[in-house]
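Here it is: the structure, laid out below.
The values are calculated or read from the model by the stated rules, or taken from the named source; none is laboratory data. Remember, it's a predicted structure, so these values are computed and weren't measured experimentally. Quick reminder, even Gly has a Cβ in these numbers, built from the backbone with ideal geometry, and neighbours come from all protein chains shown. Heavy atoms of the whole protein, side chains included, go into the accessibility calculation; ligands, DNA and RNA do not. Shrake-Rupley method; radii C 1.70, N 1.55, O 1.52, S 1.80 Å.
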Amino acid sequence: MSVTRRQVTVAAAAAVPLTFAATGTARAGGRRHRTLYIAGDSTAARKYADAAPETGWGMALPFFLRKDLGVANHAVNGRSSKSFVDEGRLGVVLDAIRPGDLLLVQFAHNDEKDADPTRHTEPWTTYQDYLRLYVDGARARGARPVLATPVERRRFDAGGDAVPSHGEYPAAMRALARQEGVALLDVQALSLALWQRLGAEGTKAYFNWTATEQDNTHFNPPGAIAVARLVARELLRTRVLARRDVRRLDEEIPESWITWPAPATA
């Protein structure tokens, strides 16, 4: 199956309101501040008080960016590259994005769910097709697309080695980034290496492990901060951002800086 940019426009009408972690539309001396938009899934998404201590890495990313670079976090639990488009969420982002802004795209966790046709994509065909919609849509509006391979789950083999869990999806994204000349943040490889260094026991302190839950996919505040730090460093390494755009890359970030707003009411 192939997808077209027209699908983005048509689906936008069905989009629901989204929550922003921060915005960057203020002007200083007549110059509009840039905004970094995040399109992604639950690993990046804003969490609310009823989900605490679960924390998306997008909640921590602003701590590593200068205040005049806003973060508009459109990531939503359970979405894939396909369902984010089909629900009109990409259309909402593209309606808001402006020249000079950034669109950071991270999907795969839910694209992998082959039993769910509303979310599933194939790595080397439909996954790449949908990702191109994000790339083309951002570029058509003068914004810069950035692809981020999916952050790794907490998964270890019997020998204590961290095991990749995303199949061919990271490779397919890397190949697309090369083909399209798009900056790539290899969060999958970097997070896998980090989990390996921390080990099977050490990583429990970074994931949403509580007295009642053992979640090896979603993060708590230390995990979200650690992944956001990887993202910020990659944005600098790939020269998507300049040194002046980032801060605190080597500083401790207090967990208390993470806050969970009350759930939205109807």
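Of all residues being more than 13 Å from the chain's Cα centre (by Cα) and open to solvent by less than 20 Å² (accessible area, probe 1.4 Å) in the stretch 179-189, which is nearest to Leu131 (Cα to Cα)? Just the residue, please.
Narrowing the stretch 179-189 to residues more than 13 Å from the chain's Cα centre (by Cα): 179-183, 189.
After this cut, where a residue has to be open to solvent by less than 20 Å² (accessible area, probe 1.4 Å) as well, the list is 182-183.
Working: Val182: 11, Ala183: 13 Å.
The selected residue is Val182.
Still on this structure, please answer the following. Which residues, counting only those in the stretch 207-249, are on the phi > 0 side of the Ramachandran plot and in contact with a helix residue (DSSP H, G or I) (Cβ under 9 Å, 6 or more places away or on another chain)? Give the steps one after another, and end with the answer.
First pass over the stretch 207-249, keeping only residues on the phi > 0 side of the Ramachandran plot: 239, 248.
Hit for the stretch 207-249 is Arg248, nothing else.
Against the definition (at pLDDT 95 or above and either under 22 Å from Lys113 (Cα atoms) or open to solvent by 10 Å² or more (accessible area, probe 1.4 Å) (or both)), how does Gly40 come out, yes or no?
So Gly40 fits the description; yes.
Which one is nearest to Gly159 (Cα to Cα), of the residues in the stretch 190-217 that are among the hydrophobic types (A, V, I, L, M, F, W, C) and open to solvent by 30 Å² or more (accessible area, probe 1.4 Å)?
Kept after step one, since they are among the hydrophobic types (A, V, I, L, M, F, W, C), are these residues of the stretch 190-217: 190, 192-195, 198, 200, 205, 207, 209, 211.
Subset that is open to solvent by 30 Å² or more (accessible area, probe 1.4 Å): 190, 192-193, 198, 200, 205, 209, 211.
On the way: Leu190: 20, Leu192: 15, Ala193: 15, Leu198: 14, Ala200: 10, Ala205: 20, Trp209: 22, Ala211: 26 Å.
Only one residue fits best here, namely Ala200.
Of (1) touching a residue at least 40 places away in the same chain (Cβ under 8 Å); (2) closer than 19 Å to Arg248 by Cβ, Lys67 satisfies all except one. Which?
The number of the failed condition is (1).
Looking at (1) under 15 Å from Val135 (Cα atoms); (2) open to solvent by less than 40 Å² (accessible area, probe 1.4 Å); (3) part of a loop (DSSP other than H, G, I, E, B), find the lone condition where Arg98 falls short.
Only one criterion in (1) under 15 Å from Val135 (Cα atoms); (2) open to solvent by less than 40 Å² (accessible area, probe 1.4 Å); (3) part of a loop (DSSP other than H, G, I, E, B) is unmet by Arg98, namely (2).
Quickly run through the stretch 144-172 and pick out the residues that are of a type in the set (A, V, I, L, M), open to solvent by 10 Å² or more (accessible area, probe 1.4 Å) and in a loop (DSSP other than H, G, I, E, B). Quick ask: steps written out before the conclusion?
Within the stretch 144-172, the subset of a type in the set (A, V, I, L, M) is 146-148, 151, 158, 162-163, 171-172.
With the extra rule that they be open to solvent by 10 Å² or more (accessible area, probe 1.4 Å), the set shrinks to 158, 162-163, 171.
Result: Ala158, Val163.
Moving to a separate point now. Within the bounds of the stretch 128-137, is there any residue that is in a loop (DSSP other than H, G, I, E, B) and either open to solvent by 40 Å² or more (accessible area, probe 1.4 Å) or closer than 16 Å to Tyr37 by Cα (or both)?
Of the stretch 128-137, the ones in a loop (DSSP other than H, G, I, E, B) are none.
Checked against the condition, which is being in a loop (DSSP other than H, G, I, E, B) and either open to solvent by 40 Å² or more (accessible area, probe 1.4 Å) or closer than 16 Å to Tyr37 by Cα (or both), the stretch 128-137 yields no hits at all.
With respect to Glu201, determine if the residue is charged (D, E, K, R) and under 24 Å from Tyr134 (Cα atoms).
Details: charged (D, E, K, R): yes; under 24 Å from Tyr134 (Cα atoms): no.
Criteria not met by Glu201.
Kindly establish whether Glu152 is charged (D, E, K, R) and within 30 Å of Ala200 (Cβ to Cβ). Explain how you work it out, then say what you get.
Details: charged (D, E, K, R): yes; within 30 Å of Ala200 (Cβ to Cβ): yes.
Answer is yes for this residue.
Just checking, how many residues over the stretch 54-95 are over 23 Å from Thr121 (Cα atoms), open to solvent by less than 10 Å² (accessible area, probe 1.4 Å) and in a helix (DSSP H, G or I)?
The number of residues fulfilling the criteria is 5.
Confirm whether Thr125 is over 17 Å from the mean Cα position of the chain (by Cα) and buried (at least 21 other Cβ atoms within 10 Å of the Cβ).
Working: over 17 Å from the mean Cα position of the chain (by Cα): yes; buried (at least 21 other Cβ atoms within 10 Å of the Cβ): no.
Judged against the criteria, Thr125 is not a match.
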